[in-house]
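Everything on this sheet refers to the single structure shown next.
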Amino acid sequence: MEHTNNLNKVNDNIKHNEDNKKKDYVNNEKTKEINPHSIIHTNTNTNTSIHTNTNTNTNTNTNTNTNTNTNTNTNTNTSIHTNTNTNIHTNTTTTEKLNNRHSNHYSGNFIIAQYHIIERYLKNFVHDGVERWNLKIQQIRDIIKELYKNPIDLDFGDLNISMDEESLYSNSSSDKLLNTYSIEELESYFDKFGIKQQLSSRGYNHPKIIVDFTDPFVHRLEVTDSISTTTTTTTTINSPNSNSNTDHILIDIFIRRKEFYIYELLEEKKKHDNSSDRNIGPPSNVDQRYVPNFKMMNGTKLFEWVDLHPTEPVLKQIDYPIKSTVIEWLCLQDPSKPFSETRPPLPGQQHSGLGVTKQINNLLVHLATIQNRDCLLNKPFRFYNAFFYQTREYFYIDPGVQAIFLSLLNDIEESISKFGLAPISWAFEFGCVKEKATGNTVKWEFHKQIKPISPRMKNYFKSKLYIKSVQDNMRPMGTFYIDWSGHPSLSHFV
């Protein structure tokens, strides 16, 4: 009878161990996905249980005389069973914590990764569509030029689409400049950077900031004096190309955020080099109220702004999208101050300057910096614009263009010191800046000039490749000169 009871205990233990093996297997399968270290530990305990069971089975098949051994094995088995349960319990608790932590971590990373993939796809998709559209518009232009000697005047300006970073996210209903800065914030910045104080020194004690959101991408910031104008009840003003009076405007800025790639610049450069009709007038997005239509006389031979040494390898250093804040147009004027002999008007000026160029530039640099932009970008429409910008550490992104600009400065710097900036600016306007070897006229061209802000953009302009490319493309001293007799209004400077 005692032998039978012992056998029953052994059988119960065997059954109990089998149940534990099943539980171990289930727990192992659950932990395999997250914590492989827990799996190794659990398997060790499970193997021990199996070993014990094997001994027990052997003893059971022996005879009655092995009762003592069987009891001993049973006790051992029980002890191992207890340890196994303890180990499994501990591992299961640890694994559950790891499961929760890793699950949340991987889930968050997966969502972020998927978001960036979708965002990148949408950007590429829209960008490709814009490129194809603009290509078709250009093909239509080319066809019209080929078919008609005097083609009808078709304005395609509104059909050209510019795809930039903000285009996917812009909100035309926003009441903030660049969807970021409120009127109150701008007023505080005007005070912080000394703009308000400078205006006050000129008698403008009640400056009023007006922001125009008519264009969802290119925002316009105007500053007037609330006493000198009746425009006090609206924040939306006339279209940029209207002919409205500008006598009440002190500051006028057209600004946008734009992301562009270096291949766009290379395509623009290639198109420029292959064009036979370069920059007859200012770009279509210039406010025509400020810029009169100016053209060179037919048949004028022009100096070619081309590289002496290729600059494409240098530009290709920039292997990232350039996040720029673009100054599409900037006008700073004092309608109350007349011109004088010592301060004659520069080309395109209707009023004398306001004396806040430094402060406005510092403000724009600050705003671009806190928004993590790579640079401020502009395309100077006249020589004197580029001259003023270069004193604020703006550089042409194309080293070949930077070389020509510096070569011009080297040759006309003496004239600037002697006569001032205005006569030299008018000499460009009248076609009196010449290339000495050919007599060809140097017509001012519109190229991208940049104020680097981010470390990676600063590193580009400091790179050995950029500096060497500028040096290689510099023209010798004496390449350019001013033909003061080339226009009656300049002849007295001879």
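The values are calculated or read from the model by the stated rules, or taken from the named source; none is laboratory data. Note that the coordinates shown come from a computational prediction; the quantities given were computed from them, not determined experimentally. Using ideal geometry, Cβ is built from the backbone for each residue, glycine included, and neighbour counts are taken over all protein chains shown.
Points to keep in mind about this one:
Per-residue answers, yes or no, for (1) in contact with a Phe, Trp or Tyr (Cβ under 9 Å, 6 or more places away or on another chain); (2) within 19 Å of residue 387 (Cβ to Cβ); (3) among the hydroxyl-bearing types (Ser, Thr, Tyr):
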| site | (1), (2), (3) |
| --- | --- |
| 424 | yes, yes, no |
| 432 | yes, yes, no |
| 453 | no, no, no |
| 459 | no, no, no |
| 469 | no, no, yes |
| 474 | no, yes, no |
| 493 | yes, yes, no |
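- Residue among 418, 379 that is within 18 Å of the chain's Cα centre (by Cα), closer than 30 Å to residue 489 by Cα and in the same structural domain as residue 460 (by TED's automatic domain parsing): 379
- Pairing each residue of segment 258-271 that is touching a residue at least 24 places away in the same chain (Cβ under 8 Å) with any residue that is surrounded by 14 or more Cβ atoms within 10 Å (Cβ to Cβ) and among the aliphatic types (A, V, I, L, M), provided the two are 6+ apart or on different chains, yields C-beta distances under 6 Å for 258/326; 260/322; 262/315; 262/318.
- Residue selected from segment 464-494 under the condition surrounded by 15 or more Cβ atoms within 10 Å (Cβ to Cβ) and of a type in the set (S, T, N, Q), by the criterion nearest to the chain's Cα centre (by Cα): 469
- Matching residues in segment 407-427 - criterion: being touching a residue at least 60 places away in the same chain (Cβ under 8 Å) and in contact with a helix residue (DSSP H, G or I) (Cβ under 9 Å, 6 or more places away or on another chain): 407, 408, 412, 415, 419, 421, 422, 423, 425, 426, 427
- Against the criterion of being closer than 19 Å to residue 435 by Cα and at pLDDT 50 or above, residue 319 does not qualify.
Residue-wise test of (1) surrounded by 19 or more Cβ atoms within 10 Å (Cβ to Cβ); (2) under 18 Å from residue 264 (Cβ atoms); (3) not assigned by TED's automatic domain parsing to the domain that holds residue 273; (4) not acidic (Asp, Glu).
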| position | (1), (2), (3), (4) |
| --- | --- |
| 302 | no, no, no, yes |
| 305 | yes, no, no, yes |
| 309 | no, no, no, yes |
| 325 | yes, yes, no, yes |
| 328 | yes, yes, no, no |
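- Test: residue in segment 435-450 that is assigned to a loop (DSSP other than H, G, I, E, B), within 23 Å of residue 486 (Cα to Cα), of a type in the set (Lys, Arg) and in contact (Cβ under 8 Å) with a residue 40 or more places away in the chain: yes
- Residue in segment 452-461 that is crowded, with 19+ Cβ neighbours inside 10 Å, outside any helix (DSSP H, G or I) and modelled with pLDDT of 95 or more present: yes
- Residues satisfying the criterion are absent from segment 329-345 (criterion: in contact with a strand residue (DSSP E or B) (Cβ under 7 Å, 6 or more places away or on another chain) and closer than 17 Å to residue 397 by Cβ).
- Residues (in a helix (DSSP H, G or I) and among the aromatic types (Phe, Trp, Tyr)) located in segment 462-494: 466, 484, 493
- If the condition is being crowded, with 17+ Cβ neighbours inside 10 Å, of a type in the set (A, V, I, L, M, F, W, C) and farther than 23 Å from residue 370 by Cβ, then segment 330-341 contributes only 331.
- Test: residue in segment 396-406 that is among the polar types (S, T, N, Q), in contact (Cβ under 8 Å) with a residue 40 or more places away in the chain and either buried (at least 22 other Cβ atoms within 10 Å of the Cβ) or outside the structural domain of residue 259 (by TED's automatic domain parsing) (or both): yes
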